[in-house]
Each structure stands twice: as C-alpha cells, then as structure tokens.
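The values are calculated or read from the model by the stated rules, or taken from the named source; none is laboratory data. Quantities reported herein were computed from a predicted structural model and do not represent experimental measurements. Cβ atoms come from the backbone with ideal geometry, glycine included; neighbour counts cover every protein chain shown.
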C-alpha cells in the first residue's frame, strides 16, 4: 500500500513524539536515581573506579561522607583474604587513598574470606528500599555480627537516624531502630507519670 505525503508526515511525527516521550522517561528516572548524591561522580562510577584499580574482587559495601563541603565515597572491595577500602573524590573521581586489611588476622573477619552471601549487595539495596522508601542511605557494608554475615546499614529517614542490620542469608532486618522508638515512648510515659505524681504533691 502506497502512503500519501500527508500520511507519511503524520507517521513520522507520531514516531518522533513517542521517542521523545520515552527519552523523557529515562531522563526522569536517571535524575531521580542520582539526585541523592548531587555530585559530578556517581556512586556507581566510584565503584567502577575502585574495581578497575583492584582488578579482581567484588564490592561488598560503601559509604558516603561529606566534610567541609567535600564529599567522598568509600568503596569496600573483598579480594581473597584482603578487604580493601577506597576513598574516592566525588567531584573528580580521583582515588584519594586506599587501605588494605588482611582478614585472616582476625577471628571474626575470617568469615568474610571467600564469602558469597545469598543476599548480594543489589538485593540488599532492594530490600532496604522496600522497608525504608524515603531513606537517604549513608552506609551499607557487609560484615560479621555474632558469627553471622550481615549488612550494616545507616542513613536518614527525614529527621530520624536509622541504624540497622540486614541478615545476608535470610534477608531479615533487626529490630534495633524499632526498639529505640519503643524505648523513647516508654521514657515519655515515665516522664508523664512523674509529672502526675509531682502535681499530686
């Protein structure tokens, strides 16, 4: 079937409109994904920089720190029996310093050697996002607690400081932050009780 000039023009315009809409969706997603860092270098780029320098190993954690207006990423790589921490400038992507630790020298840290947790870093991030949708994640690192592989988590959810651990085998969170809230409520209750007794006196 031969299309007229008007039909061809309309089809071309429709295709361009769909393409523009699709690009807009990608741009919005990318902006949303990187907005929390607000730095020229993204966390993903910092991880790639560390891996390129290490040549072998896997990323098992990271943190973001801002001091005097300068932001740095700390990327942790597990390579055999060594754990290497990279401090990377979030403005330039330069490696500022590295710190290597021999895990075989510590009884608890030995459990990290060759560790392959059932919950990998990407899955851990996904679970954290589900539990704390508004959390601004500041630190996520694989470690050992009471002979168990866990991800140590810290960040801010609005004005609330969140510190928790995620079991790297079961995907279960601890109740540390909930207990703090409960303790605060309990203390508030005791204060109210004391105030009432004072009023009676």
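Show the residue pairs that are 6+ apart or on different chains and have beta-carbon atoms under 6 Å apart, the first residue being within region 148-175 and under 14 Å from residue 131 (Cβ atoms), the second being part of a loop (DSSP other than H, G, I, E, B) and modelled with pLDDT of 95 or more.
151/168; 171/119
Among the residues of region 129-137, is any at positive phi, in contact (Cβ under 8 Å) with a residue 12 or more places away in the chain and surrounded by fewer than 14 Cβ atoms within 10 Å (Cβ to Cβ)?
no
In region 107-124, is there at least one residue being surrounded by 19 or more Cβ atoms within 10 Å (Cβ to Cβ), in contact with a helix residue (DSSP H, G or I) (Cβ under 6 Å, 6 or more places away or on another chain) and under 24 Å from residue 160 (Cβ atoms)?
no
Can you name the number of the only condition in (1) closer than 22 Å to residue 51 by Cα; (2) touching a strand residue (DSSP E or B) at 6+ places or on another chain (Cβ under 8 Å); (3) modelled with pLDDT of 95 or more that residue 92 fails?
(2)
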